[in-house]
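Take a look at the structure set out below.
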Amino acid sequence: MTRMALQVLFQRHREKATGLWKLGQEPSRTIFFEAGDIVFAQSTFPSDRLTHLLVERGKLTQTQLDYALANLRPGISIGKNLIEMGFITQRDLLDVARAQVERVVSGALATPDEMPHFDGRDLDANVVRLPFDTPELLLNGLLGLKDREGLLELLGPLNQVVVLQGRRLMEMTLPADLAKLPPLLDGTHTLLELSRESLAEPLRLGAFALFLREMGWARLHEMPPLDRGALDMALAPEPEALSGPLPEPDL
């Protein structure tokens with residue numbers, strides 16, 4: 001994802017915006033915001049579709065899906081048709097719908113070289129609103145990024161230090177490998193040092209730091225480059241003092 005697209009996505013959450021955040025033309029991904037919270041998402045990518053996820057997760061067989069598509073009742077969503085046919089339960093539909101939103105958000109974060117469009121408006125009454133912890137959803141999306149070079153380009157150099165702002169992070173339940181980090185985010189440890197001290201995988205640590213910065217929960221500052229010459233002089237032993245002049249011999 002480009003820096004601008006990432007910033008706009010997080011900005012809509014921080015500003016408590018309501019509307020549709022769309023990335024791409026065709027295929028495209030659309031994320032629905034209400035008062036800053038992600039409540040739904042849609043995608044025209046085949047792998048993001050609800051029916052694909054139902055089959056992928058074993059809730060539905062391909063044969064059942066083919067039959068349902070051939071016998072749809074008009075004016076009713078595919079999900080309701082599948083429930084009425086007895087192929088899935090209401091709980092199956094809800095669980096997979098949540099997984100679909102998570103996949104759309106992750107896919108949007110992983111999409112390079114696309115600029116988003118945000119349509120600020122009230123959501124239609126028929127839009128499904130699913131309960132999500134938006135910070136957790138965004139963090140998991142960033143932690144799932146596989147593009148190491150792209151992540152480092154967004155994050156910047158690894159000699160940055162992280163300084164927490166406020167206590168919002170303390171309200172989150174973090175993954176086990178990141179849970180020990182908050183006490184260390186006091187501006188005295190660079191990202192490389194944090195990775196060594198917490199034993200967190202560097203790419204996940206970088207994604208976590210990027211999340212904190214874009215959420216506005218932390219500031220990242222680059223440390224000045226180390227002057228090796230000055231360091232060597234500081235660590236060099238003190239030179240021995242020169243002895244005074246020899247006395248004049250007696251005549």
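A few points about this structure:
- One residue from ALA230, ALA241 being at pLDDT below 65, among the small types (Gly, Ala, Ser), over 23 Å from ARG3 (Cα atoms) and assigned to a helix (DSSP H, G or I): ALA230
- Taking the listed residues LEU93, LEU82, LEU72, the one that is farther than 20 Å from ARG12 by Cβ, at pLDDT below 90 and not small (Gly, Ala, Ser) is LEU72, with no other qualifying.
- When GLN64 is tested against (1) open to solvent by 50 Å² or more (accessible area, probe 1.4 Å); (2) farther than 24 Å from ASP119 by Cβ; (3) free of Cβ contacts under 8 Å to residues at least 12 places away in the same chain, exactly one condition is not met: (3).
- Residue match in region 69-84 (condition: more than 27 Å from ALA125 (Cα to Cα), more than 31 Å from the chain's Cα centre (by Cα) and open to solvent by less than 50 Å² (accessible area, probe 1.4 Å)): no
- Pairs meeting the criteria (first residue in region 1-23 and touching a residue at least 60 places away in the same chain (Cβ under 8 Å) and more than 20 Å from ARG121 (Cβ to Cβ), second residue crowded, with 16+ Cβ neighbours inside 10 Å and of a type in the set (Val, Ile, Thr), beta carbons under 6 Å, at least 6 apart or on different chains) are MET1/THR111.
- Residues that are touching a Gly at 6+ places or on another chain (Cβ under 8 Å) number at least 3 in the following helices (runs of 4 or more DSSP H) confined to region 50-139: 90-109.
- Residue that is farthest from VAL104 (Cα to Cα) [pool: residues in region 23-39 that are within 20 Å of the chain's Cα centre (by Cα) and open to solvent by 30 Å² or more (accessible area, probe 1.4 Å)]: ALA35
The values are calculated or read from the model by the stated rules, or taken from the named source; none is laboratory data. The structure displayed is predicted, hence computed values, not measured ones. Note that each Cβ is placed from the backbone with ideal geometry, even for glycine, and that neighbours are counted across all protein chains shown. In case anyone asks, the SASA skips ligands and DNA or RNA and just uses the protein heavy atoms, side chains included. Shrake-Rupley method; radii C 1.70, N 1.55, O 1.52, S 1.80 Å.
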